[in-house]
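To start, the structure under review is shown below, and the notes come after it.
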Amino acid sequence: MSTQVTSGTAAIEAVPAISQMDAQVERRLCEFASSDSTSIWKTQDELSGAIANAGVHFEGQACPVCLRPLTIDSSLTSHLTAAAEGVIKLLDVAAELYCRDEEVQKLFPAYKHLRHWITSLPKHRPIATICRLDGLFGKDGNYKIIETNTEGPGGVIQTGVIARVWSRTPNILTDGLSLEVSKQPLIKDPNCFVRELASTYHAATGCTLRAAAVANFRGRFANEVDWIVKGLEGAGIKATLLDASTIRRAPGGVVGPDGEPIELVYNKLDVRDLVGATECSDYLDACAAQEVVSINPWISQWVLSDKAILAVLSDDRFSSNFDAAQIELIARHIPWTRVVRAGQTTDPERCRIELISYIRDHKASLVLKPSNATRGEHVVIGRFASPQEWEEYIERAASSPYVVQEYLRPGQITALHLPSRSIKKMVYGIDCYVFGGRLVGFNSRASCDPVMNVGRSGVLMPVTTA
C-alpha cells in the first residue's frame, strides 16, 4: 500500500498503512499536500478552532489535534484489546511479586525507603484502576507495551472530547469513508472516566460516592484537572482540586483544608515530588492506610509506572511466577527490558551476556531510558546517538535508575504538523486506555522527533475504527 503522488515539482509519497482504510486517508492527504494544501489547512484550522472552543487545552496552550485520523480495522482492535487487558492483569501479579520478592525489590532501589507506603495493596483488582498503555509494533507485528502510565495518565477525559469534536467537524480527508469513533466507550460515554471512579469506590466500600478530590502538588501536571473536577460535579459528586499538602487525616478518614470529608482521591501529580515533602506525610500515610479510596494507589504511582516493571515481566528469572498463558502474553507484548547494572543476564535470544558490554556493542538495536521519568526526559535511542553520547549515557545509566530496552522502530505516516504548519512524514504510536481492567478507547501521537511526546512538538490523532 505505497503510492507515489506528484504535483508540479512537489512529491509526497504515501507510506505503508496500518489498514486498508488508513491507506485511503494517507493517499488523500498526500494528494492534497501536493495539489491543494490551502484546503487542507483551512479544514485543519476549523478543527483547531472547534477544539479550542470546546475548552480543550494542553497545559494552557492550544491542543495540537491533527485533522488526519489513524484508522484501524476490527482485527487490530481485537489484538490491541487482548494485549491491553491482558497486560493489566500481569501488572497485578507483578505488584504482588514486588511485595514479597527481594530480588524484584532490588530493581527499584529508589523506592526502598518508601516500601511502608507502597506495599499496602488495596483489595480491589485491577490495582491500576485508570491506566494508559503506550505501545509500538514489533518486527513480529505484535503490539508491544513500552510504557505503562499507571499513575495519573493524561487524556482520560479530553481524549473523548477531542474525538467527539473531531467527528462533528467536516473533514475532506474522510468524506465518504465509513469511520467510527463512537464504538469506543471513552468516546461514546462522556462520563466513562467518572463512572469508573464511582464504581471502584462502590466496590471498595459498598457505598455511593459523594465527595472526591483531585490531588495535585504545587501546580505541576495540572492538565485536564479542570475537566476531571467538572466531570465529578456533573455526576452529582462534590469535587474539588486540592494540593496534596492540604489533605489531612481525621477520625474516620481524611479531610480537606475546610474540614470537609473526602471519600475518594484521584492522584494527578508526580509522586517523585512528594518523596522529600514532609508536608505531604499525612496524605501519604492516609492513602497507604486506605483511610480514603486512592486512585491509583501508591504501588501504581511508583512501582507499576516505573519502566523497570517491564524488566520484571520480561526477565526469565521471574517467569516461574506466571502461568503458561501469561508467559506467552509477555513474549508477544512486552519488549526485552533490563535494569541497567553490571552483571550477567540474558539477551533477547535468551543467550547469557554481560549487560554493560552488550549495551555498548548493540547500540543500533537498543534504547536507554530513565526508569522513572516522564515525557521522554533523557531518553536516548542508540541508532540516533553518536558513539560518544552513547558511552556517556551508559555511564549515567550504570549509576542511576535506567532501563535498557530493545528498539522498536515506530510506524510512519503523513500528518499535519501543527507547530511548523507543514505536512510531514512522522512516526506514531498507539495508546490504549484501560479503565477497571477493560479497554475503553485509543489515542495516537505522532512526532517528527523519534522520542514521541506531545510536549516535544508532537500532535494528537484521533483513532477511528473501520
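Read-outs throughout are calculated quantities, based only on the coordinates presented, and are distinct from any laboratory measurement. The structure presented is a predicted model; accordingly, all values stated were derived computationally and were not measured. Cβ atoms come from the backbone with ideal geometry, glycine included; neighbour counts cover every protein chain shown.
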Task: Span per principal axis, largest first, for the Cα atoms of region 336-406 (Å) - done: 31, 24, 19
TODO: Please report, in debye to the nearest 20, how large the charge dipole of the chain is about its Cα centre when each Lys and Arg carries +1 at its beta carbon and each Asp and Glu carries -1 there.
DONE: 240
Open item on the list: Per q in 0.19 Å⁻¹, report the Debye log10 I(q)/I(0) for region 266-408, using one uniform scatterer on each alpha carbon and no solvent.
Closed with: -1.11
Task: Summed side-chain charge close to Arg168 - residues other than Arg168 whose Cβ falls under 15 Å, Lys, Arg +1, Asp, Glu -1 - done: -1
Task: Rg/Rg_globular for region 169-304, with Rg_globular taken as 2.2 N^0.38 Å and Rg from C-alpha atoms - done: 1.23
Task: In Hz, Karplus ³J(HN,Hα) per residue of region 86-94 (6.51, -1.76, 1.60; θ = phi - 60°; x = Gly, Pro) - done: x, 5, 4, 5, 4, 5, 5, 5, 5
TODO: Taking H placed 1.01 Å from N in the peptide plane, check which residues at least 5 places from Phe58 or on another chain put their amide H under 5 Å from its amide H.
DONE: Cys63
- [ ] Within region 145-207, report the trypsin sites (Lys or Arg not before Pro) that DSSP leaves as loop and that have at most 13 other Cβ atoms within 10 Å.
- [x] Lys183
TODO: List, in order, the whole-Hz ³J(HN,Hα) value for each residue of region 153-159 obtained from phi through the Karplus relation with A = 6.51, B = -1.76, C = 1.60 and θ = phi - 60°; use x for Gly and Pro.
DONE: x, x, x, 5, 10, 5, 4
- [ ] Please give, to one decimal in nm, the separation of the simple spin-label points placed at Glu389 and Thr246, each 7 Å out from Cα toward the Cβ.
- [x] 4.3
Open item on the list: Need the C-alpha centroid separation for region 366-397 versus region 33-78, integer Å.
Closed with: 31
TODO: Collect residues whose amide H, placed 1.01 Å from N in the peptide plane, falls under 5 Å from the amide H of Trp336; neighbours closer than 5 in sequence don't count.
DONE: Glu406
Open item on the list: What does the net charge come to around Ser19 if you take all other residues with beta carbon closer than 11 Å to its beta carbon, with K and R at +1 and D and E at -1?
Closed with: -3
- [ ] Work out from phi, with θ = phi - 60° and the Karplus expression 6.51 cos²θ - 1.76 cosθ + 1.60, the ³J(HN,Hα) of each residue of region 53-65, listed in order in whole Hz, and give x for Gly and Pro.
- [x] 5, 7, x, 7, 8, 10, 6, x, 9, 4, 7, x, 8
Open item on the list: Loop only by DSSP, 15 or fewer other Cβ within 10 Å of the Cβ. Give me the trypsin sites (Lys or Arg not before Pro) in region 332-396 that pass, ordered by residue number.
Closed with: Arg350, Arg375
Task: Positive-end extreme of charge dipole, the chain - chosen from Ala308, Val440, Leu418 (charges on Cβ) - done: Leu418
Open item on the list: Give me Rg/Rg_expected for the chain, where Rg uses Cα atoms only and Rg_expected = 2.2 N^0.38 Å with N residues.
Closed with: 0.99
Open item on the list: Over 24 Å between Cα atoms: which of Lys230/Lys268; Lys230/Lys369; Lys42/Lys425; Lys230/Lys307; Lys123/Lys188 fall into that group?
Closed with: Lys230/Lys369; Lys230/Lys307; Lys123/Lys188
Open item on the list: Explain nothing, just the number: relative contact order of region 10-105, from Cα pairs under 8 Å at least 6 residues apart, as a whole percent.
Closed with: 24
Task: Lys/Arg +1, Asp/Glu -1 at C-beta; the chain dipole; positive extreme among Thr169, Val56, Leu366 - done: Thr169
Task: Expected 222 nm ellipticity per residue - DSSP helices of 4 or more, -39500 (n - 2.57), all of the chain, to 500 - done: -10000 deg cm²/dmol
